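I have placed the structure first, in the form of structure tokens, so that the comments after it can refer back to it.
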Amino acid sequence: MKFVLTKEYRYWWPVKIERPDPVNPGKWQVQSYMHEFVGVSEDEAKALNKEIEALSTAEEKRAHEHDLLIKASRNWRDVIDDDKIPVEFSEELLRQALQDTWYRVGLYNAYASSLASPAARKGN
């Protein structure tokens, strides 16, 4: 397959969230969904990091700690609410979800996995 140079490269990636099972003590419950990411250029990532570093307080910096991941996020599917109704993607809901430790770990793991092929992770 030939390399396709695009203005915005979008792709879907599976996300697995592991949470303590509320019914079975000491067990884990796995939830999953698909997340659409977009490639973020090195220049964009560096500029964003510079902006965050320039903030004066630790609180301000903490408020922007997930900005790169948010910038790389475009959509999701298979996300539902307590009533099993599909939840439409928005930056506000993504920021809200990132407050959940288990969700945050799952999404960061998925994003990191999407950035490095298995061969790259092996050092090949």
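Here are the numbers for this structure:
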{"quantity": "Among (1) of a type in the set (K, R); (2) out of contact with any helix residue (DSSP H, G or I) (no Cβ under 8 Å at 6 or more places or on another chain); (3) free of Cβ contacts under 8 Å to residues at least 60 places away in the same chain, the one test that K61 misses", "calculated": "(2)"}
{"quantity": "Selection status of A116, modelled with pLDDT under 95 and open to solvent by less than 60 Å² (accessible area, probe 1.4 Å)", "calculated": "yes"}
{"quantity": "Top-ranked residue of the range 75-104 - restricted to ones that are surrounded by 13 or more Cβ atoms within 10 Å (Cβ to Cβ) and closer than 21 Å to E44 by Cβ, ranked as farthest from the chain's Cα centre (by Cα)", "calculated": "F89"}
{"quantity": "Tally of residues being open to solvent by 60 Å² or more (accessible area, probe 1.4 Å), closer than 15 Å to R74 by Cα and within 16 Å of the chain's Cα centre (by Cα) across the range 1-27", "calculated": "5"}
{"quantity": "Output for the range 33-43, where each listed residue is open to solvent by 60 Å² or more (accessible area, probe 1.4 Å) and either under 14 Å from L115 (Cβ atoms) or in contact with an Asp or Glu (Cβ under 9 Å, 6 or more places away or on another chain) (or both)", "calculated": "E42"}
{"quantity": "Test result for V30, free of Cβ contacts under 8 Å to residues at least 24 places away in the same chain, in a strand (DSSP E or B) and exposed (fewer than 12 other Cβ atoms within 10 Å of the Cβ)", "calculated": "yes"}
{"quantity": "Members of the range 57-74 found to be of a type in the set (V, I, T) and open to solvent by less than 30 Å² (accessible area, probe 1.4 Å), listed by number", "calculated": "I70"}
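The values are calculated or read from the model by the stated rules, or taken from the named source; none is laboratory data. These numbers come from a predicted model, not from an experiment. With ideal geometry, Cβ positions are generated from the backbone for all residues, glycine too; neighbour counts draw on all protein chains shown. For the accessible areas, the whole protein counts, side chains as well, though only heavy atoms, and no ligand, DNA or RNA atoms are used. Shrake-Rupley method; radii C 1.70, N 1.55, O 1.52, S 1.80 Å.
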